[in-house]
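Beneath this line is the structure, given in structure tokens, with notes to follow.
The values are calculated or read from the model by the stated rules, or taken from the named source; none is laboratory data. If you're wondering where the values come from, they're calculated on a predicted model, not measured in any experiment. Using ideal geometry, Cβ is built from the backbone for each residue, glycine included, and neighbour counts are taken over all protein chains shown. Areas reflect the complete protein model, heavy atoms only, side chains present, ligands, DNA and RNA absent. Shrake-Rupley method; radii C 1.70, N 1.55, O 1.52, S 1.80 Å.
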Amino acid sequence: MRPRPPAIAMLALTLLLGACQSAKVLVPPNLRPTEDPAKTLEQARQNLQQATPCCTSFADFSYANLLPWRPKAFTLGQGGPVVNLNGTHSYFLAFRLPTDVKLPYEIALKAELNGRWLHASYLFAPTVVVLDEAFQPLDHRDVTLCEYMGWSDKSSGAFGRYRIDNPKARYLVIYSSAAQQGGSTYWEQSPAVFSVDSPVVAPTQSSFRIPHGPDGTLWVGLMNHSFRKAVDNAICDKATQGDGILNTLRTALPLPWSGS
């Protein structure tokens, strides 16, 4: 008769089997069902609408912060200052513009994806207002965002740029207009797409549009080399479909007997 295994060995085996059974029940965070993106975005919009605006004119803003010398991340969202412009509530940022930088110069902008999954995310799309020393608007523009996927989170996102060329420009206000909040940004499938919890590719279409929302993280500052590279190489929309390489070659290189 074979000897019975020690009691301690039997206990260890029981615990191991129990752990294996539990592992079948536990689901990694990146494989769990995601939150409903519509509910998440709608809740963010409700929070914004319920906020009390702090200012009624551009002169009421605080311009204590100088525009960063390099792009810096700012969080816009619940608890932050809100403005009501043309009947639209929006979180905002306000800066003094540098006076010792040679004109023209560019301001870099980058919106980060707001959400755990790409297909459940949205972006804060910026609107830029440039003011003179009397806080009067010199320019007002919705900035177009374009997707660029780099090797890290810092070098990836929805990039945009704004050019300062007016010598009267003294202040900068960034908010999100009604058109921006109701718009979207083109996004192309990329191998770099992953959930924030784990580098497991999320089930997405080959290309789609990311909706704009009322809050999120926005990078703002003077344009530097890395941001300029991202902006210059960013994808702004789906490429137009041509007639194919053969048709293009026939047009560019006529046949020898055509006489041309």
* To do: Enter the accessible area of L138 (Å², nearest 10), with the probe set to 1.4 Å and all protein chains included.
  => 60 Å²
* Structure fact -> With x for Gly and Pro, the residue-by-residue ³J(HN,Hα) of region 113-123, computed from phi through the Karplus equation 6.51 cos²θ - 1.76 cosθ + 1.60 at θ = phi - 60° and given in whole Hz, is 5, 10, x, 6, 10, 4, 6, 10, 10, 8, 10
* To do: Enumerate the calculated ³J(HN,Hα) couplings along region 45-53 in order (Karplus 6.51 cos²θ - 1.76 cosθ + 1.60, θ = phi - 60°), each rounded to whole Hz, writing x wherever the residue is Gly or Pro.
  => 5, 5, 4, 5, 5, 7, 6, 8, x
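Rank these by accessible area, largest first, 1.4 Å probe: D142, D100, D232. Provide the component values of the computation, followed by the final result.
Numbers: D142 65, D100 120, D232 95 Å².
Sorted by accessible area, descending: D100, D232, D142.
Could you please put S156, S226 in sequence from largest to smallest accessible area, using a 1.4 Å probe?
Numbers: S156 20, S226 70 Å².
So the residues, ranked largest to smallest area, are S226, S156.
So how strong a dipole does region 48-186 carry about its Cα centre when Lys and Arg Cβ are +1 and Asp and Glu Cβ are -1, to the nearest 20 debye? Mind dumping the intermediate values first?
Working: 12 positive and 11 negative charges, 55 e Å.
Computed charge dipole of region 48-186: roughly 260 debye.
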* Structure fact -> Once both label points are put 7 Å beyond Cα along the C-beta direction, the C54-H140 separation in nm becomes 2.2 nm
* Under 24 Å from the Cα of K102, which lysines turn up, not counting those fewer than eight places away in the same chain? -> K72, K110, K168, K229
* Asked: Under the Karplus relation 6.51 cos²θ - 1.76 cosθ + 1.60, θ = phi - 60°, what is the ordered set of whole-Hz ³J(HN,Hα) values for region 151-158, x standing for Gly and Pro?
  -> 8, 8, 4, 5, 9, 10, x, 9
* Asked: Of all the accessible heavy-atom surface of region 40-105, with the other protein chains kept in place and a 1.4 Å probe, what percent is carbon and sulfur?
  -> 47 percent
